[in-house]
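Where a number appears in this text, it was derived from the coordinates with a stated rule and is not lab data. Please read all numbers here as calculations on a predicted model, not as lab measurements. Note that each Cβ is placed from the backbone with ideal geometry, even for glycine, and that neighbours are counted across all protein chains shown.
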């Protein structure tokens, strides 16, 4: 462990500031252990709900020139069926963050309580999925509803609560403020950008759900701007997410205000080695610039 890279996040200690993003290989104990062995400082599970959910029919993922477009529909076995996975992950020594969703504040709270009872080190509230009705981004676009969900969860659990925000709003800083005022311990910015693709020969939308969420390099500038806005609005840690493929991307997010980052789509392009290559690059950058630790560069861009 390189002390220069150790990151403290809401009481959790990460060996480095990289995390697996929700929805990418966060389905099983074996897949998440492979991420941990690859060098991630923490892992975030697939989003889990109160009941099992099949999700949408195929096609659910489409590759486009600038990234990946997906509309999975939150398929998952339900939080109660994830107990063995969490039990097996507890001995890794790496923080396990459980991503959860619900269709009401009460449902979010029930899922949160169960996740904590099963051993979650922290929770990430998915209030930003861009392709599920009556949940996801519908909550993340309504400040009062968002605050209600966060407040209800915070009343029921004693673990750090991260809130993953949607970029599909007019003022993401205001949404972050509502979440923090209600008790959020950290903000994750951002989830995917609502998008679609159409096959020109058949005139059919490529995704079965028609609309989906765009991830990958194309959304990185959007995510960096969102992190910058959130950092100057709230006084809690910000976790950057969106289009990270290199250590330079991570440093850019940190300069904008991120204390840690999540990596997802890049795994499909660069493989699991992305975590170690990123941490090596960050360490070299800090050493070259004369910084003793990550904290010294978080938010530096706000000085200009």
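Annotation: of all residues in segment 53-65 being touching a residue at least 12 places away in the same chain (Cβ under 8 Å) and surrounded by fewer than 14 Cβ atoms within 10 Å (Cβ to Cβ), the one that is nearest to residue 110 (Cα to Cα) is 54.
Across segment 12-33, which residue is nearest to the chain's Cα centre (by Cα) among those that are farther than 19 Å from residue 240 by Cα and surrounded by fewer than 21 Cβ atoms within 10 Å (Cβ to Cβ)?
First, the residues of segment 12-33 that are farther than 19 Å from residue 240 by Cα: 27-33.
Narrowing the set further to residues that are surrounded by fewer than 21 Cβ atoms within 10 Å (Cβ to Cβ) leaves 27-31, 33.
Numbers: 27: 15, 28: 17, 29: 18, 30: 20, 31: 17, 33: 18 Å.
Checking each candidate, the answer is 27.
Within segment 1-43, the residues that satisfy the criterion of being touching a strand residue (DSSP E or B) at 6+ places or on another chain (Cβ under 7 Å) and in a strand (DSSP E or B) are 7, 9, 12, 14, 18, 19, 20, 42, 43.
Residue 261 falls short on exactly one of the conditions (1) within 18 Å of residue 35 (Cα to Cα); (2) over 17 Å from the mean Cα position of the chain (by Cα), and that condition is (2). Taking the criterion of being touching a helix residue (DSSP H, G or I) at 6+ places or on another chain (Cβ under 8 Å) and over 25 Å from residue 146 (Cβ atoms), the residues of segment 88-117 that qualify are 88, 89, 92, 94. Number of residues in segment 47-70 that are over 17 Å from the mean Cα position of the chain (by Cα), within 29 Å of residue 115 (Cα to Cα) and assigned to a strand (DSSP E or B): the value is 2. Scanning segment 183-207 for residues that are touching a residue at least 12 places away in the same chain (Cβ under 8 Å), over 16 Å from residue 10 (Cα atoms) and part of a loop (DSSP other than H, G, I, E, B) returns 190, 191, 192, 196, 197, 206, 207. Reported count of residues in segment 183-224, each being over 28 Å from residue 259 (Cα atoms) and in contact with a helix residue (DSSP H, G or I) (Cβ under 7 Å, 6 or more places away or on another chain), is 0.
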